[in-house]
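Undergrad: Quick one: structure below, then a few questions.
Every number here is computed from the coordinates shown, using simple stated rules; none is lab data. Note that this is a predicted model, so its numbers are computed, not measured. Please note: Cβ atoms are built from the backbone with ideal geometry, for glycine as well, and neighbour counts cover all protein chains shown.
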Amino acid sequence: MASMISNGLEDAIEFLPGRLYYVALKKAPPRMNGAHFFSIDEELIYWNFYLDFGPLNLGHTFVFSETLNKKLANAAKSGERIYFYSSTQGQQRANAVCILGCWAVLFQGMSAAKAFEPFERMRFPPFHDATPSVCTFNLTVLDCLKGLERAIQSNYISTKSFDLHEYQHFERVENGDLTWVSPKFIAFAGPHNHYQRTPQGHVMLTPEHYIPYYKKRNVTLVVRLNEKQYDEKKFLSAGIDHLDLIYPDGTNAPMHVLMKFIEACEKTPGAVAVHCKAGLGRTGTCIGAYMMKHDLFNAHELIGWLRLCRPGSVIGPQQQFMDTIEAKMWALNPNGKTPSSKGDGSGLVATTKALSLSGSSNGGNAPTTIGFDKHQGDKLNDQKFMRYSRNKASVPSSSMFW
């Protein structure tokens, strides 16, 4: 529902009637009476691995939301209209509309479809996976919004309990590179036997760095998906169970591995911390299968949600692989539910509890090699270090715009 606004803003889209608008502009607008403009293009930055450019993560989303909520409260007193703007570049438009939609789903109780409705006629580039090659899986802005909506329905995240400081702290490589993606699961990068800090600042952590936090947060199982780089007895001696389900980097999970993973996670009473090398590809795939079974995510919702939580999750043909196991996982839902039985989320109110940071398509057991390479995890870890080095002193705060 485009609103024809004067003063050169003819393309502005009305998001909240008379209060909030979005517009793509080639340059920053001049000051205007009765209007307040703001942009995040230079403040909330997506630090890419390769050709990926978004979506902006949950930390960005809550920083943006706090800012927008304050601006709307001030505008209610001053009578100003708020104009959220981005550049006209496609990737920045996609990130801007996605983060605005996430705010609406979280803080306005909108369904994903309702939040995206004003932008249905706009064209956005699909979000790219964390690879340097052509991406043939189209992940859209709406997919990400639907993933967030499904997560709220599944009690994964709450506006009241999300801890922005903790999320920003633990996403950093030197602080653990770990992310809660649901109340049941932590995704993290694989630890090593010995602590290392390279001259360039690259940090490798040990199980001992994770154990105190995992004990505090009732993690009762660690699952290792990559080749052995630490002694699992370190977790076991701390009272945390450990399971090896190792399969090659750059491959899809054999179905028997997925089923063993799901069974082990169902049996353990507490949370599960899962890692491969980078905690992105194999980790996201296995956790995603569990989420499909128990919370009925479809592949696009799932990948959208995981990338909001942990950028770079699910890589290359692992994306299509999630499509191939979708129906199988739904059929295993313990309550016999189907995705359609969960409704469309209309009137959804974000008063949920919990996030306190808050097999194979060929039907056989042989892993399917994906179109990246067997050193995918190492390369992603290298890129992860580089991206956080670039961003070393620029973690956004919730008051950055004021």
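Undergrad: How many nm is it between the label spots at N193 and E232, if each spot is 7 Å from the Cα in line with the beta carbon?
TA: It works out to 1.6 nm between the two label points.
Undergrad: Could you compute the FRET efficiency for N155 and R217, with r as their C-beta to C-beta distance and R0 at 22 Å, rounded to 0.05?
TA: E between N155 and R217, to the nearest 0.05, is 0.85.
Undergrad: Farthest toward the dipole's positive end in segment 28-146, which of H36, L51, P126, given Cβ charges of +1 (Lys, Arg) and -1 (Asp, Glu) about the Cα centre?
TA: Result: H36.
Undergrad: Also, quick follow-up: Which of the listed residues, T88, V63, A75, is farthest toward the dipole's positive end in segment 35-90, when Lys, Arg count +1 and Asp, Glu count -1 at the beta-carbon?
TA: A75
Undergrad: Same structure, new question: Which value in nm describes the separation of the simple spin-label points at L16 and A73, placed 7 Å from the Cα toward the beta carbon?
TA: Calculated label separation equals 1.2 nm.
Undergrad: Here's a follow-up. For each pair in K184/K260; K71/K146; K26/K70; K215/K293; K71/K114; K27/K114, compute the distance between the two Cα atoms and list the pairs where it is over 24 Å.
TA: K71/K146; K26/K70; K215/K293; K27/K114
Undergrad: Could I ask something else about it? Tell me the volume per residue, in Å³, of the convex hull enclosing the alpha carbons of segment 167-206.
TA: Once divided by residue count, the hull of segment 167-206 is 62 Å³.
Undergrad: At T88 and E208, where each label point lies 7 Å from the Cα along Cα→Cβ, what is the point-to-point distance in nanometres?
TA: Each label point is offset 7 Å from its Cα along the Cβ direction, giving 5.8 nm.
Undergrad: Moving on to the next point. How high is the relative contact order of segment 13-142, in percent, counting Cα pairs under 8 Å that sit 6 or more residues apart?
TA: Averaging sequence separation for qualifying contacts and normalising by length gives 32 percent for segment 13-142.
Undergrad: How long are the semi-axes of the equivalent ellipsoid of segment 13-142, defined as square roots of 5 times the Cα gyration tensor eigenvalues? Whole Å, largest first.
TA: 26, 16, 14
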